[in-house]
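What follows is a set of notes on a single structure, which appears directly below.
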Amino acid sequence: MNTSDLRSFKQAAKQLLEENILPYWLALRDDLHGGFYGRVTGEEQVIRDAPRGAILYARILWAFSAAYRVLPNPKYLSAARHAKQYIEAYLLDRDYGGSFWSVTANGEPLDTHKQIYAQAFMLYAFSEYYRSTMDAGALHSAVSLFHVIEQHGRDRVYGGYTEAAARNWQPIEDMRLSDKDENTAKSQNTNLHVLEAYTHLYRIWQTPELHEALTALVDTFHTHIIQPSGHLGLFFNEQWHPTNHHFSAGHDIECSWLLDEAAGVLGMNCDEDVRRLARAASEDLHHDGSIGEKVWWEQAEAVVGYTNMYLRFGDPADMDKALAVWRFINTCLIDTENGEWYWSVLPDGTPDRINDKAGFWKCPYHNSRMCIEILQRI
């Protein structure tokens with residue numbers, strides 16, 4: 001791929017971010033109750049009284065903070081500050097630390113259990129806000145969340161991080177991240193996003209404590225989470241024995257570049273693990289250019305992951321994969337009329353209007369991050 005093609009790719013990503021993704025979310029700002037509306041259906045119905053989830057809010061804060069850092073538009077800073085103020089007012093637990101899972105549309109605590117995955121995303125978001133604004137309070141919040149995760153989520157015996165606890169950090173019976181997940185002590189998904197959050201924090205807060213924690217987690221991926229096949233194991237018991245043998249191509253390719261980033265900030269070499277993950281993910285590439293189950297987030301991560309592979313190792317076949325997925329996104333996933341992306345493409349090739357356009361899990365994170373990564377890397 002020549003320099004001119006790369007520049008065109010970068011310009012298209014910038015246009016997608018600023019004309020399709022971010023305007024959609026700016027329009028969901030709730031100036032009456034604060035924050036942003038908690039749900040939009042696949043048919044574009046805004047559910048103004050929908051509960052508001054920690055994951056959604058952390059990802060909104062991250063997306064607008066990162067967008068402002070890369071493209072310093074005051075509208076993005078205003079949106080980031082608006083999300084931050086809502087999180088600080090309603091989602092952070094002042095009594096026990098950490099973040100609730102969800103609140104009502106009026107900001108009342110709804111589901112108060114503590115998912116380590118959610119704590120990691122809050123840390124990630126506050127780190128990005130600090131990185132974009134140098135707001136000392138945001139750094140303090142990020143560091144506080146780091147200590148919460150280390151105290152309540154880290155397994156000092158077998159390594160890695162556990163799934164969940166009650167509001168007061170006591171054991172909880174149901175530790176599942178969602179109804180689709182297994183009720184196990186550990187998962188690749190939670191550990192992957194702790195890795196991501198700690199990498200981000202390390203860029204702005206390089207302490208021996210964080211260096212040790214992030215190094216140990218990189219080793220946990222190498223030793224326990226990446227399986228002999230090159231795929232990530234999905235769910236594990238406390239001792240890291242896999243509880244099934246399924247895999248997720250989207251998580252494989254996402255982990256390939258997040259692990260590469262973590263190794264990079266630490267000065268480590270994980271090249272072989274990065275290559276193995278990308279090769280494993282490629283087993284689930286389809287003839288139409290898509291990957292996995294044709295869900296929006298998998299496509300976004302594939303573009304970043306294969307672009308990273310090309311820029312790191314120089315194989316044009318990896319850039320071909322990235323561009324094939326990029327074409328699938330542009331042809332099949334982007335809602336050019338209303339903005340944002342559909343949840344997925346259905347087996348018959350039509351857009352998925354059943355699942356949400358915005359909600360607990362449909363957030364401006366994977367797709368905006370894809371665009372921002374392209375802007376930063378090329």
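Read-outs throughout are calculated quantities, based only on the coordinates presented, and are distinct from any laboratory measurement. This structure is a prediction, so every number in the text was calculated from the model and none was measured. Here the Cβ positions follow ideal geometry from the backbone for every residue, glycine too, while neighbour counts run over all protein chains shown.
Brief remarks on what is shown
- Only Lys, Arg, Asp and Glu carry charge here, each on its Cβ (+1 for the first two, -1 for the last two); on that basis region 235-378 has a dipole of about 220 debye about its Cα centre.
- Taking every alpha-carbon pair within the chain, the share separated by more than 39 Å comes to 9 percent.
- Computed from backbone phi with θ = phi - 60° and the Karplus coefficients 6.51, -1.76 and 1.60, the 3J(HN,Hα) list for region 251-257 is 6, 4, 6, 4, 5, 4, 8 Hz; x is used for glycine and proline.
- Taking Lys and Arg as +1 and Asp and Glu as -1, the other residues whose beta-carbon sits under 11 Å from that of Arg167 total -2.
- Cα gyration tensor, region 267-378 - rounded (a/c under 1.5), prolate or oblate: prolate
- Positive-end residue, the chain charge dipole about Cα centroid, Cβ charges, pick of Tyr86, His246, Gly233: Tyr86
- Within the same chain, aspartates and glutamates fewer than 8 places from Lys321 are excluded, and of the rest, those with a Cα less than 18 Å from its Cα are Asp5, Asp252, Glu254, Glu283, Asp284, Asp288, Glu293, Glu298, Glu301, Glu373.
- Neighbour counts of C-beta atoms inside 10 Å place Lys362, Lys180, Lys186 in the sequence Lys180, Lys362, Lys186, starting with the fewest.
- Per-residue ellipticity at 222 nm computed for the chain from its helices equals -16000 deg cm²/dmol, with DSSP H segments shorter than 4 residues left out and the rest contributing -39,500 (n - 2.57).
- 3J(HN,Hα) along region 66-75: 5, 4, 5, 5, 8, 10, x, 8, x, 5 Hz, from the Karplus curve 6.51 cos²θ - 1.76 cosθ + 1.60 with θ = phi - 60°, whole Hz, x for Gly and Pro.
- Euclidean distance between Cα centres, region 189-252 to region 1-68, Å: 27
- Inter-part distance where region 77-114 and region 265-297 are each reduced to a Cα centre, Å: 33
- Dipole size of region 1-157 about its Cα centre, with +1 on Lys/Arg Cβ and -1 on Asp/Glu Cβ: approximately 460 debye, rounded to the nearest 20.
- Neighbour counts of C-beta atoms inside 10 Å place Cys363, Cys255 in the sequence Cys363, Cys255, starting with the fewest.
- The residues Ile354, Ile334, when put in order of fewest to most other Cβ atoms within 10 Å, stand as Ile354, Ile334.
- Long pairs among Lys14/Lys75; Lys186/Lys294; Lys14/Lys357; Lys294/Lys362; Lys294/Lys357, criterion Cα-Cα beyond 19 Å: Lys186/Lys294; Lys14/Lys357
- Rounded to the nearest 20, the Cβ-based charge dipole of the chain about its Cα centre (Lys and Arg +1, Asp and Glu -1) stands at 920 debye.
- Rounded, prolate or oblate (a/c below 1.5 giving rounded, otherwise prolate when a/b exceeds b/c) for region 144-245 by Cα gyration tensor: oblate
- Karplus-derived 3J(HN,Hα), 6.51/-1.76/1.60, for each residue of region 104-120, Hz, glycine and proline x: 6, 4, 8, x, 7, x, 10, 10, 9, 5, 10, 8, 4, 3, 5, 4, 5
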